[in-house]
Amino acid sequence: MIKDNILNINQKIAEACKRAGRDTSEVSLITVSKTKPLEQLKEAYAAGSRDFGENKVQEMLDKIPQMPSDVRWHMIGHLQRNKVKYIVDKVYMIHSVDSLRLAEEISKEAVKKQVTVKILLEVNVAGEDSKFGTTCKEVCALAAMIAVLPGISIQGLMTIAPYVENPEENRKYFRKLKQLSVDIMSKNIDNVCMNVLSMGMTGDYVVAVEEGATYVRVGTAIFGERDYGQTT
Ligand SMILES: *Cc1c(COP(=O)(O)O)cnc(C)c1O
């Protein structure tokens, strides 16, 4: 059941925090509801979920008006510039900013709608060809360039670690993302804050929490496997 799954995950997060000497309040669970029907989102909401993650603009736009207004919507998927205008005033945070061009578009639309958009910079820490994200080398310079744009507030970093059988294999990548955030913080760039680390999914969120995650993004462990056959 969705409720039991969420309780179980929060319990594991709490245990990981304890092992790492962290306060449980530092870590939030994002319920990744992509491809899942509304009634399952409502079940998660009833079990206490308030942060929901989606990776497609249209799907998010369909779901937003059908869920309570205190849900915080997180855009966690690759975002095309021509779709930015539909979500800037509706999302709580965009996790997947990996280029200046995308950030400029977000800034432009945010100014138009008179909002400030919280963003994370997505880093391809493992350097996988298949993944979006800026490189470890470039992220600091990218942060400095984006920081001067109006209507945007950089909150931290995000990564999608490789798919692995043994989550321990991803520990080095989570540690690296944490280190990058510390490095960027130490540069004291105006309008850059590094309080948020979005890392860890169903297979590896426990390790991510041990290494400093403040958001873990979990779908499968809450809702079960996704069926992509039924969606576009
Ligand atoms: C789908 C997705 C997740 C959740 O993955 P699970 O393995 O189902 O927990 C997390 N982050 C991103 C960016 C995703 O696209």
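What follows is calculated from the coordinates using simple rules that are stated; it is not laboratory data. Nothing here was measured: the structure is a model prediction, and the numbers come from that model. Because the Cβ atoms are built from the backbone with ideal geometry, glycine has one as well, and the counts that use them run over all protein chains shown.
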Contact list, first residue from region 155-169 and under 30 Å from ASN188 (Cβ atoms), second anywhere and in a loop (DSSP other than H, G, I, E, B) and more than 13 Å from the ligand (Cβ to nearest atom), beta-carbon distance below 6 Å, six or more apart or interchain, is THR159/VAL125
Exclusive hit being within 16 Å of the ligand (Cβ to nearest atom), β-branched (Val, Ile, Thr) and in contact (Cβ under 8 Å) with a residue 40 or more places away in the chain, set VAL207, VAL192: VAL207
Taking TYR228, is it surrounded by fewer than 19 Cβ atoms within 10 Å (Cβ to Cβ), farther than 15 Å from ILE13 by Cα and touching a residue at least 60 places away in the same chain (Cβ under 8 Å)? yes
Of all residues being under 20 Å from ASP227 (Cα atoms) and in a loop (DSSP other than H, G, I, E, B) in region 1-33, which is farthest from the ligand (Cβ to nearest atom)? Just the residue, please. MET1
Per the list (1) among the β-branched types (Val, Ile, Thr); (2) over 22 Å from MET199 (Cα atoms); (3) touching a residue at least 40 places away in the same chain (Cβ under 8 Å), residue check on VAL97 breaks on (2)
Which of (1) hydrophobic (A, V, I, L, M, F, W, C); (2) surrounded by 15 or more Cβ atoms within 10 Å (Cβ to Cβ); (3) more than 16 Å from the ligand (Cβ to nearest atom) does MET158 not meet, given it meets every other one? (3)
Which condition breaks for LYS36 when tested against (1) assigned to a helix (DSSP H, G or I); (2) within 16 Å of the ligand (Cβ to nearest atom); (3) crowded, with 22+ Cβ neighbours inside 10 Å; (4) not aromatic (Phe, Trp, Tyr)? (1)
